[in-house]
């Protein structure tokens with residue numbers, strides 16, 4: 001397997017599991033993963049949030065870990081990367097206001113490179129205008145944004161994922177096994193057992 005260089009877009013109060021689990025899982029199978037956040041440098045940290053499903057009408061939110069970034073946003077070039085991961089949580093709602101972030105997201109779609117988005121990550125895809133004609137899952141509260149951006153909301157189980165061409169998406173972190181597995185297929189990753 002040829003290792004891929006993967007960009008992970010993150011930000012303060014991104015969902016803890018949706019940042020750390022794909023970051024570590026993709027490293028574990030031999031890929032290089034560079035995690036960045038606008039206005040932050042390698043070695044600096046972002047604060048994460050833990051979203052849980054406890055029987056309320058929506059998820060609950062608790063303070064997560066500090067996650068150390070290993071890349072400097074202002075120094076990266078999307079053309080140097082083979083794939084993109086967009087984590088969910090609160091970060092996408094403000095990252096979509098940053099034109100440099102939106103341009104990065106557009107690059108991966110324009111170049112037909114693999115993209116994995118989970119939960120509220122669809123907000124960033126909608127903001128970048130890349131969902132037209134796409135089947136995309138997200139946290140259910142993001143359904144209107146997917147549809148207003150011209151996409152079709154994939155109403156799937158919380159532990160399921162959907163692949164549409166180069167885009168792999170899922171509703172939330174309970175879907176990690178399906179989401180990461182489908183993303184590895186799109187990446188061309190073969191795991192020997």
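Quick one: 169, 45, fewest Cβ neighbours within 10 Å first, how do they rank? Intermediate values should be presented prior to the final figure.
Working: 169 32, 45 13.
Listed from fewest to most nearby Cβ atoms, that is 45, 169.
Distance from the C-alpha centroid of the range 143-182 to that of the range 8-67: 18 Å, rounded to the whole angstrom.
So, R0 is 30 Å and r is the distance between the beta-carbons of residue 52 and residue 148; what FRET efficiency does that work out to, to 0.05?
Details: r = 28 Å, r/R0 = 0.92.
About 0.60, to the nearest 0.05.
In terms of surrounding Cβ atoms within a 10 Å radius of their Cβ, 41, 77 rank from fewest to most as 77, 41.
Using R₀ = 30 Å, calculate the FRET efficiency as 1/(1 + (r/R₀)^6) where r is the Cβ-Cβ separation of residue 191 and residue 60; round to 0.05. Walk me through the numbers on the way to the answer.
On the way: r = 34 Å, r/R0 = 1.14.
Given R0 = 30 Å and the Cβ-Cβ separation, E is 0.30.
For the listed peptides 117-125, 184-192, a ranking on the average number of other beta carbons within 10 Å per residue, highest first, reads 117-125, 184-192. Rounded to 0.05, the FRET efficiency of the residue 79 and residue 28 pair, given R0 = 25 Å and the Cβ-Cβ distance, is 0.45.
Read the figures in this text as sums done on the coordinates, not as results from a lab. For clarity, every value in this text was computed on a predicted model and none was experimentally measured. Because the Cβ atoms are built from the backbone with ideal geometry, glycine has one as well, and the counts that use them run over all protein chains shown.
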